[in-house]
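The values are calculated or read from the model by the stated rules, or taken from the named source; none is laboratory data. Values in this document were obtained by computation on a predicted structure and should not be read as measured data. Cβ coordinates were reconstructed from backbone atoms using ideal geometry, including for glycine residues, and neighbour counts include every protein chain displayed. Note: accessible area is taken over every heavy atom of the protein model, side chains too, but ligands, DNA and RNA are not part of it. Shrake-Rupley method; radii C 1.70, N 1.55, O 1.52, S 1.80 Å.
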Amino acid sequence: MKKHQYILLLFLSIVLIFPATLHAANHRFTLVIDAGHGGHDSGAKGAISKEKDLTLKYALALGRMIERDCPEVRVVYTRKTDTFLELWQRAEVANKQKADLFISVHINSLPAGRVARGYQTYTLGKGESGVGIIKNLEVAKRENAVIFMEKDYKQNYQGFDPNSAESNIMFEFIQDTNMEHSVDLARMMQRNVCRATGRKDMGAHQANLAVLRLTSMPGCLVELGFISTPDEEQYLNSEAALRQYTIGFYNAFVQYLAKYNTYNISPYKAKEVAVSTVPEIVPEEYKRQERPYTPAPKPAPAPQAEPASKSAPEAQQAATAAPVVAPGEVLYKVQVLASSSPIPAGDARLKGHANVDCYQDNGMYKYTIGATTSQKEITELRRKLAQDFPEAFVIKFQDGKRIK
């Protein structure tokens, strides 16, 4: 880098990093929320939704909760509609507004054939060493790829190449002051969001993300989940997820505000998370009450002596036969599939399994195998079914209704 470029960057750092300090007396704590993608940039695509629509929904929900419950905080959105913004424009909004914090909302994705679940937070950095750097590089390339959709990206980014090693140190000193705050925010995000949603904690990471590189305040980019994984996409499109993520984000923001705000803002109380509503694997708390499907009655099996111990096939057979359940007793089943339309008997998706039951929930048909009051038997059955249904998981019913 030439000498005059260093001087220019040093000047920019002075102008961009310290405005909040210089104007603290007349400045409200300002949060900029960025809904990733938009317009002709749809972002990652799932089976039933697009990243650009989900990020806007979650960004607006978080902003509205903060506006309602934290009146001393000024919330600014990079977009409120389905519009395309270049990455430098998103950063420019935050810089011009002299923002104190920047949060960019995104949805993760993987190529076909790969499955992952969980919530991640990214802050600006060179990435982790070892295996982690490969994962971070994939995220950085995907989220930075929108640069190439911009008409004048060569002029706007002046040599910033998302795939270049040199870009890892470009503007590094501008963000050094914010690094500690950003990393702390990421940890708060991981802790609170995973607690509120029950999502797998995939950790806080660092990556070379242009939208963070160009901003001059602490910030992070959040990846809510994997739109490429069917049950995660279904969850992200539910009202339960919207409420739980918003509470998690809000609680993290309140913690950050209590620790780092310099504007004498009144302390705000974190919202309580009802642990009973936290989903285990696939959340079932939606707007409409579940309506269990009642199959046709099956003929009672002929009585026979129960062996001292069961082999795996025998355990499956025992768990599949519907037992007599007393009122209030918990009945365990293994959920193997979910579909927006009924699956006929003998369908290839059922992998040749018989004794398949179905219940309906929020317009979805959910298919189960097995029914038993024994946790040991249902655990063994789930293990065996995992060979054909890797995403199978145990669910519970009580008095004919699905429970947590």
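For the range 210-216, putting each phi into the Karplus relation 6.51 cos²θ - 1.76 cosθ + 1.60 with θ = phi - 60° gives couplings of 4, 5, 7, 4, 8, 8, 10 Hz, in residue order, rounded to whole numbers and with x for Gly and Pro. Charge tally around residue 33: other residues with Cβ under 13 Å, Lys/Arg +1 each, Asp/Glu -1 each, net +3. The range 69-97 and the range 366-404 have their alpha-carbon centroids 45 Å apart.
In this view, the solvent-accessible surface of residue 73, computed with a 1.4 Å probe and all protein chains in place, comes to about 10 Å².
Ligands, DNA and RNA aside, residue 382 has an accessible area near 80 Å² when probed at 1.4 Å.
Sort 32-38, 198-204 for me by packing, meaning the mean count of neighbouring Cβ atoms within 10 Å per residue, highest on top.
Most protected by this proxy first, the peptides run 32-38, 198-204.
Amide H of residue 403: which non-local residues (sequence gap of 5 or more, or other chain) have their own amide H closer than 5 Å, using H built in the peptide plane? Correct list: 396, 397, 398.
Per-residue counts of other Cβ atoms within 10 Å, averaged by peptide: what ranking do you get for 392-401, 227-236, highest first?
My ranking of the peptides, most packed first, is 227-236, 392-401.
For the residue pairs 52/80; 366/396; 271/401; 45/366; 200/401; 200/376, alpha carbon separations beyond 18 Å are given by 271/401; 45/366; 200/401; 200/376.
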